[in-house]
Amino acid sequence: MFEKQLYGALTVYRERGAYLRRLEQFEKAKTAYDEAYTNANNDVRTLTGRSQVCSDAVQPLQAYTDAELALKLEPYNMIARSMQCRAMYTMSDFERSVVMNYRGARVRRQPPYFVEGINQGIETIQDCIGVNVGDVMLDFLPLIRKSEVAVVDENDPKKKLHISRIPQPANKKKLTQMQARKHATLARVLAMKYLGPMAYDKFFLLKLKDDERLMSANVAGSIELKKIARESLRSLTERQDMLRAQKPYYSIKFAERAESKYQNKYKEEVLAREREINTRNVDRLLKQIEKSLRAKRVMEVMSYAERLQQLFDMKTPRHLPDKDIYIDRLYRAVGEAYLCQHRLSYRLSERGNRRRIAFLMGLPVGRPKSFDSVLGNYPYKFADVKKALTKVSATLDMCENSTMRCWLMYEMSRLLTTQKNYALSKFYAKRVQREAQEISNATWWLNGLFALLSGEMQQSNINEVRAAVEEAYEYSKKILDAEQVQAFLRKCVQMMEDEVQIEERKIIEKRERQILDVMDPVQSVEARVLFKKMSALPRGRRFSVLPQKTDFAGLKVERRRRCQMGLTVIPGPVRTLPAPKKSDTRGFQIFDV
């Protein structure tokens, strides 16, 4: 669990800090230099680089301290001396800065850092106490009068004094789950207050504007529909703004507070009754989830969990006081449901257990599903993976509950694995483990491990699988069914270590072609006939080097006579189909349809 030491960490972080300083990203550059200083606190280039970053970021005290440390290590380092002079100037110690720049200019003329510092310091001193100083009020009186007359609008965009040539993305502050809910609720309340029944038309148009189904094969009609929806929404929005200007929202709230005490008492009783009903519904669904979990019916657990999450989305903490506690209980149960799938069944054969592991880990499965296997109980939540990823990602950005975040990141990892995006899937699986470790939840830690194993097994990374299993073997002792999980992990490693079995019939055909290629045309025809005769002989009467017939008896599997849904595979010898029944009446047959 300890982080590995980065090789060449000093050079990596120092050069990263220099690169970020050139990009004018001073906070990130300072963080990189701090990492370099942590790895080696006696490196002069690190200290001078951090001093330069602090000077650019207007942090003169830190810049001066770093320059002093660099000078103690190398007293004749001119770069550190220049950084020290620059920090003095930033701290308004102009006279001392000019003196130190004169001393440095005697030793080094080029680059002209010290000469520039001298000119800058002298000019600043002249502006403060020299010939450039005048009567402040008289000199700046026209400017003051002009600023008094000018009307400054706060909403006008401010002109940037320095425009960087390097494009920087705009940082948008993300709303928390509570803030986003408040914004959405307030928007709906304002629409209901001012528009009345027309508010439902506005809600419909807002959903219709972003609906993907609006675009169809009829491009011209789709564009016309979009235009109508956009114009209708604009009209409703302008109408709401006009009504709000005529009657502000605070006047509506004041009128609501001026109601009688009997109506307020009635509202409190309605709220208490709604809280009681919501608590009862949540408890009922949680009991059904726990009952399905004890029976290991995963599809039912996920169905009830989805219904309960929809109920949580519609209720605020005011209408459901213990909402966070219920969310914790819900996603702990969901984690147990996911984990209970990763077990071996003692009623299945070796081949059945391997097939079960292959299905859970996303490996190819060649057989159809049956009702008594994990394939029939696996929850297929979404049909469209892209829509599911968009929905889960948007929910994850605003989620604040740790257990729910574990579930959302697990879903992100699982969906990304289906898209073959293994690198990003591994990132989210590691985040699940980190989040679960912070809240001391061994169940979600193991679920994150299985999401990680799924991607590694699909890529056939045996070393990564073995390392992950060794790490999880000790961690799995914290749960109740540790033996089942450990047996499942051992079987995963065993499956990865087994060699890929090539179909026997392909080997036979390849061997036949190799023998026929070295023969004459006449002999190859005779050999082909001989191979057909030999394939009819038993295995014991054939020479081992020559091609052999496929031994169907060794497979020891057989399907039922009629392919019915829900029937599992039955072990036993191969059975032939019986002959169709014939009727005693001539010209009439009973067909098996």
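Please return the ranges of helices (runs of 4 or more DSSP H) entirely within segment 242-355 where 1 or more residues are among the polar types (S, T, N, Q), farther than 30 Å from residue 489 by Cα and open to solvent by less than 80 Å² (accessible area, probe 1.4 Å). Steps first, answer last, please.
Working: elements: 249-257, 261-294, 298-314, 323-340.
Output list reads 249-257, 261-294, 298-314.
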Between residues in segment 24-47 that are part of a loop (DSSP other than H, G, I, E, B) and residues that are surrounded by 17 or more Cβ atoms within 10 Å (Cβ to Cβ), which pairs lie under 6 Å by C-beta distance while being six or more apart or on different chains? 40/10
Of all residues in segment 397-439, how many are open to solvent by less than 70 Å² (accessible area, probe 1.4 Å) and of a type in the set (Lys, Arg)? 3
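State all residues of segment 314-326 that are in contact with a helix residue (DSSP H, G or I) (Cβ under 9 Å, 6 or more places away or on another chain) and either at pLDDT 90 or above or not aliphatic (A, V, I, L, M) (or both); if no residue qualifies, say none.
If we filter segment 314-326 for residues that are in contact with a helix residue (DSSP H, G or I) (Cβ under 9 Å, 6 or more places away or on another chain), which is where we start, we get 315-323, 326.
315, 316, 317, 318, 319, 321, 322, 323, 326 - these are the residues of segment 314-326 that are in contact with a helix residue (DSSP H, G or I) (Cβ under 9 Å, 6 or more places away or on another chain) and either at pLDDT 90 or above or not aliphatic (A, V, I, L, M) (or both).
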The one condition residue 472 fails out of (1) open to solvent by 10 Å² or more (accessible area, probe 1.4 Å); (2) farther than 18 Å from residue 362 by Cα; (3) in contact with a helix residue (DSSP H, G or I) (Cβ under 8 Å, 6 or more places away or on another chain) is (1)
Determine whether residue 234 is modelled with pLDDT of 90 or more, open to solvent by 100 Å² or more (accessible area, probe 1.4 Å) and of a type outside the set (Phe, Trp, Tyr). yes
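Would you kindly identify the helices (runs of 4 or more DSSP H) lying entirely within segment 141-212 that contain at least 1 residues that are in contact with a helix residue (DSSP H, G or I) (Cβ under 6 Å, 6 or more places away or on another chain) and modelled with pLDDT of 70 or more?
Working: elements: 141-149, 177-195, 198-209.
So the answer is 177-195, 198-209.
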Inspect all residues belonging to segment 425-441 and state whether any of them is closer than 25 Å to residue 349 by Cβ and in the same structural domain as residue 354 (by the TED database). no
In segment 510-527, what residues are at pLDDT below 85 and surrounded by 13 or more Cβ atoms within 10 Å (Cβ to Cβ)? 511, 512
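The values are calculated or read from the model by the stated rules, or taken from the named source; none is laboratory data. Nothing here was measured: the structure is a model prediction, and the numbers come from that model. Quick reminder, even Gly has a Cβ in these numbers, built from the backbone with ideal geometry, and neighbours come from all protein chains shown. These area figures cover heavy atoms from the full protein model, side chains too; ligands, DNA and RNA do not enter into them. Shrake-Rupley method; radii C 1.70, N 1.55, O 1.52, S 1.80 Å.
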